[in-house]
Structure formats: structure tokens, C-alpha cells
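Working notes, beginning with the structure itself.
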Amino acid sequence: MSDATGKFQLPAGTCDSHFHIYGPPGRYPKVDEGRFTPVRAFEIEEAFDWWKDVGITRGVVVHAPGSGPDNEITYEALRRFPDRLRATAILSPDVTDRRLDELTDAGFKGVRVTMIRQDGKPIYSLGTTYDDLVQLAPRLAERGWHAQLWIESSDLVAASAELEKLPLDFVIDHMSRSMADKGHEHPDFVAFTEKLKTRRYWTKISGADRNTRIGRPYLDTAPYMRAIVNAAPEQVVWGSDWPHVGHTDANTPRLDDLLGLLFDCVPDEAVRTKILVDNPARLYGF
């Protein structure tokens, strides 16, 4: 099936491994996420409509603070569509075992941990913290969860010795959130790609629109994506980051740009199928 523009052919079973939902209105508390606050509700049915246009059939909801602190909206979506959806949660250490079991049974596979800095400065503080993760890790490991880390490559390298003491595997958001002018040959980014080879780390080739310094079509991020795929294609999944909160109407990513970058950086159809279908099935248990 081709996407809405007819330019790209996505394999059957393609998974969007990073997207968010917000709403419906009145069913979730209003949470201010700063520049990442959604401008309106984006419900699961709207995501499905977008998927239908591009040939995506599965997805991983990354629960956001703006969707409420209890994961309930995402939990409800997974209960309604168990064959199509998996999710990552936001948790605090006081979450009960009963609630963890409910989330696990519904299809939650990981906790998203906020450790993000940009240009050496924190840019976001909401959600599960590293200290929370340390407390949660034994219970998450018992349930087969992983830690999804929103972290930049240099901070990952600095934290990795302590992280790797935890009984968990790690999924790194948005190609390690390294800004494109850092250079894909920077020692810390190279060290991150080497960690993928251990099979304890995964990453999402998503967020090009977040990492670019020049804007669409995000060509300055292409060397990073290629380096990741070349290092460990079996440890990579792809995500759209829909609905692209934090962008203006003028710079909201276009489908052509996101898929064009993917096809340019991953020209081999078999490798694309691995990234879009096989790897997410293995990581998220579809």
C-alpha cells in the first residue's frame, strides 16, 4: 500500500512506534506541558485515520503528561484495540502492584523516563525521573518492561554505567536527541551507536524534526539515521511522533518529509521491513 501521496510503499504490518494521543475533552485533566502542550485533542480514532492513509496498522502510544498522570486514556485505548496498540507509561514509585499488573495485561511495555537536556540545559521536567526509575526498576523487570529514555547521547554516555546496573533494557528516544550540528562522528554519538550492538539498547529513528538545525526536509539529520541503521538494524524501530506537539502550523512535519528521509536513509527494502514490522513486533510483543 502506498501513502497518501502515492510515493512510498510501506510493508504490511508497519508499526508507528512513537506517537501520542490527547483526549477526548473532559476525560483527562488539563496539564501544562509548556511548549509541548497540545493545541487540541488528538484522539486514537484520528491516529487510525492518519495510519489508514499511509498504510500503518499498529502503533505504540507514548503516554504524555498532557494526557493525564494516571495513564488512563492510553489504558482505555489499549483495552479497546488490543491487537493494534502497545504503550509506554508515565509512572511514579508509589504505583501499586495491582495497577502495574493492569497496565501490563493491557499491553504497556515500558516506562518513559525524562532525562533530556539540549545544548547542556534541561528542556523538560515532567514525567518519570531517573530517581523514580531506580525505585521502580525491580518491579518493572519482573513484568518484562523496559525503560524508554528521553536523553541526549552525551548524557547517555555519562549515565550509562549507573543505568546498566538496573535490571532493564533501554529504548532511546529520537536517535538520542542529538542536535544535527553536533556531528554524527562525535565520540558520544558513536558510543551510543556502539551500545546498540550489545542488544541491550534499542533506538527510535524518529524526531528528525526535533534534531534538525535547518528545518525540513531534515537532511542534516540523515547521517545520524544512517549511522544508527548501519550499526545495528535489528535494534531500530521507526516512529512518526504524531501529532507533532510543540510545532507551529508553519513547521509541523509533513508526511512526505518523514517518509522521504526514512526511504533515503534505509534504501534496502528488507532492512526497512525489519525496522517497520519485525523489530517492533519483537520489542513490543505484537
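The values are calculated or read from the model by the stated rules, or taken from the named source; none is laboratory data. Given the structure is predicted, the values throughout are model-derived calculations rather than measurements. Methodologically, a virtual Cβ is constructed for each residue, glycine included, from the backbone with ideal geometry; neighbour enumeration extends over all protein chains shown. Protein only, heavy atoms only, side chains kept; ligands, DNA and RNA dropped before computing areas. Shrake-Rupley method; radii C 1.70, N 1.55, O 1.52, S 1.80 Å.
Long-range amide H contacts for Q118: which residues qualify at under 5 Å (H placed 1.01 Å from N, peptide plane, sequence gap of 5 or more or a different chain)?
It is I123, by chain and number.
Given (i) 81, 44, 31; (ii) 45, 42, 34; (iii) 56, 45, 38, which label gives Cα extents along the principal axes in Å as computed from the coordinates?
The value computed from this structure is option (ii).
Spelling out what I want: for every residue of region 165-170, take phi, set θ = phi - 60°, compute 6.51 cos²θ - 1.76 cosθ + 1.60 (Karplus), and round to whole Hz; glycine and proline get x.
For region 165-170, the Karplus-derived couplings read 6, 7, x, 9, 8, 10 Hz, x marking Gly and Pro.
When a/c reaches 1.5 or more, the comparison of a/b and b/c decides; with that in mind, is region 25-183 rounded, prolate or oblate per its Cα gyration tensor? Mind dumping the intermediate values first?
Details: a/c = 1.57, a/b = 1.21, b/c = 1.30.
Verdict is oblate for region 25-183.
Of all beta bridges DSSP finds with both residues in the chain, what is the antiparallel percent, to the nearest 5? Don't skip to the answer; put the middle values down first.
Values: 4 of 29 bridges.
Around 15 percent of the beta bridges assigned by DSSP in the chain are antiparallel ones.
Using modelled amide H (1.01 Å from N, peptide plane; none on Pro or chain starts), what sits under 5 Å from the amide H of S178, excluding residues fewer than 5 places away?
Under 5 Å from the amide H of S178: S153.
Could you give the length gained on full extension between N230 and N251, defined as 0.36 nm per residue of separation minus the Cα-Cα distance, in nm?
Net length gain for the segment: 4.6 nm.
Indicate, rounded to the nearest 5 percent, the antiparallel portion of the DSSP beta bridges found entirely in region 1-146.
Details: 4 of 16 bridges.
Looking only at bridges with both residues in region 1-146, the antiparallel portion is about 25 percent.
Can you show me the helix-derived [θ] at 222 nm for the chain, built from DSSP H runs with n ≥ 4 at -39,500 (n - 2.57) apiece and divided by the number of residues, rounded to the nearest 500.
Per the formula, -10000 deg cm²/dmol.
How large, in percent, is the carbon and sulfur part of the accessible surface of region 147-258 at a probe radius of 1.4 Å?
Numbers: 2060 of 4010 Å².
That share works out to 51 percent.
Please work out the average accessible area per residue across region 84-186, using the 1.4 Å probe convention, and give it in Å². All intermediate terms of the calculation are to be shown ahead of the outcome.
Details: 4240 Å² over 103 residues.
I get 41 Å² per residue for this part.
Using the Cα centre as the reference, give the magnitude of the dipole from point charges on the C-beta atoms of region 11-129 (Lys, Arg: +1; Asp, Glu: -1; all else neutral), rounded to the nearest 20 debye. All intermediate terms of the calculation are to be shown ahead of the outcome.
Details: 16 positive and 18 negative charges, 50 e Å.
Result for region 11-129 is approximately 240 debye, rounded to the nearest 20.
Pull out the extension gain between L219 and E185, defined as 0.36 nm times the separation in residues minus the alpha carbon to alpha carbon distance; nm, one decimal. Present the calculation step by step, with values, prior to reporting the outcome.
On the way: separation 34, 0.36 × 34 = 12.24 nm, distance 1.60 nm.
Between L219 and E185, full extension yields 10.6 nm more.
Taking the alpha-carbon distance from K182 and a cut-off under 24 Å, which lysines remain once sequence neighbours fewer than 8 residues away in the same chain are dropped?
Straight-line reach from K182, under 24 Å: K121, K195, K197, K204.
On the accessible surface of region 1-102, probed at 1.4 Å, how many percent belong to carbon and sulfur atoms?
Values: 2410 of 4710 Å².
Accessible surface attributable to carbon and sulfur in region 1-102 totals 51 percent.
For W202, enumerate residues with amide H under 5 Å from its amide H, sequence gap 5+ or separate chain, H modeled in the peptide plane.
For W202, whose amide H was placed from the backbone, the distant partners under 5 Å are F170, V171, I172.
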